[in-house]
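Enquirer: This is the structure I want to talk about, given as structure tokens.
Derivation of every value follows stated rules applied to the coordinates shown; laboratory data play no part. Predicted model, so just to flag it, every value in this text is computed and none were measured. No Cβ is skipped: glycine too gets one built from the backbone with ideal geometry, and neighbour counts run over all protein chains shown.
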């Protein structure tokens, strides 16, 4: 914990909390929670247990069902109330095998992975010349019909950024590429992984087909293999590829959200909602996506329940089936329309275990002074003031989009997309000190929000859904 | 250059430049400039020459005067037109020596540096108990008179971020701390460096005194020494320090801006202004702050002049005395009020040699499609779309603040504040590949802006001065 700095000098100066709705006492309790989080092992133990005992837990799979039972058991043992599962249904998917080969005159195998939700190829695979596009925009500019009998390939590289903003650009080819390529006549699409590493591990992630446009097989190359293909295409521009995939879409399957609460002492029906998602992709063990989030919000709420007396209820929601497209989050909003106005804050942890370095708000302007008072307590943990466009995180953006106040604890994602959606997303990648900083931030934040007089209100202009 | 990706396939698809004012031909010329920048040594040679032959060049010093002569010579040799110096006057400053000692019961020396512009102490130094403040806000909250006979110490740590946003918070204590402490009765102020490294090198930087409030000596501790002092203060809360500084303010001295132009072939009186600053702090050799900026904009404009025919004039302005407070930039605005409306774009390079990863705009909404067309050419260099609040950079913010359109090429500053304003700001810290990526970006950008039909216009709401 050497880089924490929570030095509390005797005779500390006034916290300057006048008119912020945050009592001196709550700020001091929050500081105590920050200290507790540094020595607590609750968070690490949860993360180790989930990634070891369950491992990968694809949305809608039998493993995800075991993860829900795991979560109910853990939340109950940690002292949460109202622990239960809220089930929903969804379309299932199974990965199968994949093989991608370059044809003559440079025959060789390339390392690829099926995109989540992709259909398979016919047995024997698809063999066709490849057409390379530098960016999705170049694919969009290609005329309809121009890819007839071809395999489309979109080659743009993801830019590494702290906030992960390179992902928003890079992921367009993964989400929308298949429909765009199919619309132009392509038989299949391969993309350079939306990821920043060179560990020869392709990054999976969901593909979005479009109603009325034929679904085509979609796969991602590792960055190493995309570089290799780029070099081969300079030697021969229309080199043939053979893609074989046995992945397939299943019928309706079961998933669910797991919920537990620390009941508020004064306003039990007013809710501070902390989210994370329980499902993961299937190739790693879902440590940073989103085992850490499950660990962070669960451990933070546990510490609040153990050492403080929050005035409002803190509700932990472990969403199911985030990866296939926020399915659990949408089910939650649908099921909770009637009590939406009781949610005074949403925040999700779903960006690995990098330290929180900024606090973004999505709240009414009149409540900004309250957020500033909270930030002041979090400042010694390295948290900077941020932007006023927070959605709260991917799952809970369905809630903030529907009018809930949100605060996003922005994590350092410099290395996140080296691991995200790859086999390398495993426990060893998590730094325990960084995890503890996150738990400290969420515990102090949750307590202070729960105790802020007057609560928080939706911003004048709601955030867009992530 | 392994991470560049400028693969240009035969039969490249349409660039989709309709209605963006950017001709296909200019986009192709820009791509050629990107290729040239990757093998050119002009930028590195300039940087090596400046940091070796001149070395440190404090604003208003004799060394800065030699740097101006160096710049005039280089710009002339590289084929620039209208090369000249625009002189101005300013208040001078001399560093002198510094010694900071902890008193009993833990006598020892701490490593500190005078803040730029600070007055010295009386001979024999100032000995007084130290009062610690966690943040500037805590210092603000201290009552007037409460620091009588004390040395104030502000301890907050800078948060490392890619964009450098932690600096804006951390630097408040350096800029405003002395006046705040003096107002409350303090004899001197010491701060934890506004920097992110642990190399036991304090970070200097300008202090801002306030009219009517007595100037007091101001110094920065290295992060290592600030940690040490924090530990000592936990053992004894009001430990005495002895600070001796012989720095002093001088009278009026000379400085100046150096200007050179690549004359436009069609609209020679319309100007694309590329800025950087020639001065540096005195403890390093000003390699990343801002030798790289001088190198980047000069090399970029040189390449445009050598290999392309820009329609508008590209003006390089190497500002003097940026570090003491944008003095050259303010002189430039004052001297050029009459021809301000001829400036159709400003952009400055002043954030080291980290790669450009984002392009922010500060232009009229109607011109955004033109910027998008430029960005599309820069995308293969890793440049992402950005925010619409660009000032163009620190010096040129004086110009964009006065109504000039601006684009900021946002560099990766993850490591920048490890070096910034320290003795470690030396040539060896610059990665030649990263420098080349910057030069490629600026060369392509400058050419495309110079050739964009209709030019660029100021945003509806001008950016704030940096």
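Enquirer: How big is the stretch B:290-332 in terms of Cα radius of gyration and Dmax, in angstroms?
Expert: Taking only Cα atoms of the stretch B:290-332, I get Rg and Dmax of 12.7, 37 Å.
Enquirer: I'd like the projected area of the stretch B:399-466, averaged over all directions, using the convex hull of its alpha carbons. Report it in nm² with one decimal.
Expert: 6.4 nm²
Enquirer: With Rg and the Kirkwood Rh both taken from Cα atoms, where does Rg over Rh land for the stretch B:185-239?
Expert: Reported Rg/Rh, Kirkwood definition of Rh: 1.04.
Enquirer: While we're looking at this one, here's another question. Express the Stokes-Einstein translational diffusion coefficient of the stretch B:76-122 in µm² s⁻¹, to the nearest whole number, given a Kirkwood radius over alpha-carbon pairs, 20 °C and a viscosity of 1.002 mPa s.
Expert: Approximately 139 µm²/s, per Stokes-Einstein.
Enquirer: May I ask you to derive the relative contact order of the stretch B:118-225, considering only C-alpha pairs under 8 Å and at least 6 residues apart, and to give it as an integer percent?
Expert: The value is 29 percent.
Enquirer: Shortest first, in nm, what separates the label point of residue A:38 from those of the same position in the other copies (7 Å along Cα→Cβ)?
Expert: List, nearest first: 4.9 nm.
Enquirer: Averaging sequence separations of C-alpha pairs under 8 Å and six or more residues apart, then dividing by the length of the stretch A:268-419, give the relative contact order as a whole percent.
Expert: About 30 percent, as a whole number.
Enquirer: Using 0.36 nm per residue of separation minus the Cα-Cα distance, give me the extension gain between residue A:213 and residue A:66 in nm, one decimal.
Expert: On the way: separation 147, 0.36 × 147 = 52.92 nm, distance 3.56 nm.
Answer, rounded to one decimal: 49.4 nm.
Enquirer: Before rounding to the nearest 500, sum -39500 (n - 2.57) across all DSSP H runs of length at least 4 in chain A and divide by the residue total; then give [θ] at 222 nm in deg cm²/dmol.
Expert: One gets -9000 deg cm²/dmol as the mean residue ellipticity at 222 nm.
Enquirer: Okay, next question. Average projected area of the Cα convex hull of the stretch A:282-436, in nm²?
Expert: 9.6 nm²
Enquirer: Restricting to the protein assembly as shown, compute how many DSSP beta bridges are antiparallel as a %, nearest 5.
Expert: 55 percent
Enquirer: Just want to confirm a number: the relative contact order over chain A, from Cα pairs under 8 angstrom separated by 6+ residues, in percent.
Expert: 23 percent
Enquirer: Next question, about the same structure. Using a label point 7 Å beyond Cα on the Cα-Cβ vector, give me the inter-copy distances for residue A:237 in nanometres, one decimal, shortest first.
Expert: Here residue A:237 shows inter-copy label distances of 7.7 nm.
Enquirer: Given the convex hull of the Cα atoms of the stretch B:158-203, what is a quarter of its surface area in nm²?
Expert: So the Cα hull casts an average projection of 3.5 nm².
Enquirer: Tell me the distances, shortest first, between residue A:309 and the same position across the other copies, using label points 7 Å along Cα→Cβ, in nm to one decimal.
Expert: Distances between equivalent label points, in nm: 8.3.
Enquirer: Now, a different point. For the stretch A:110-187, what is the convex hull volume of its Cα atoms per residue in Å³?
Expert: Each residue corresponds to 108 Å³ of Cα convex hull volume.
Enquirer: Here's another thing I want to ask about it. Counting only Cα atoms, I'd like the Rg/Rh figure for the protein assembly as shown, Kirkwood definition for Rh.
Expert: 0.99
Enquirer: Using the alpha carbons of the stretch A:60-183, what is the convex hull volume per residue in cubic angstrom, as a whole number?
Expert: 192 Å³
Enquirer: Can you check how the C-alpha radius of gyration of chain A compares to 2.2 N^0.38 Å, as a plain ratio?
Expert: It is 1.02.
Enquirer: Taking neighbour Cβ counts within 10 Å as the exposure measure, how do B:416, A:198 sort from fewest upward?
Expert: A:198, B:416
Enquirer: Please report, for the Cα atoms of the stretch B:96-246, the Rg to one decimal and the Dmax as a whole number; what are they, in angstrom?
Expert: Cα only, the stretch B:96-246: 14.0, 42 Å (Rg, Dmax).
Enquirer: With both bridge residues required to lie in chain A, what share of the DSSP beta bridges run antiparallel, to the nearest 5%?
Expert: Given both bridge residues lie in chain A, the antiparallel proportion sits at roughly 55 percent.
Enquirer: Can you sort A:448, A:359 by how many other beta carbons sit within 10 Å, fewest first?
Expert: Taking fewest neighbouring Cβ atoms as first place, the list is A:359, A:448.
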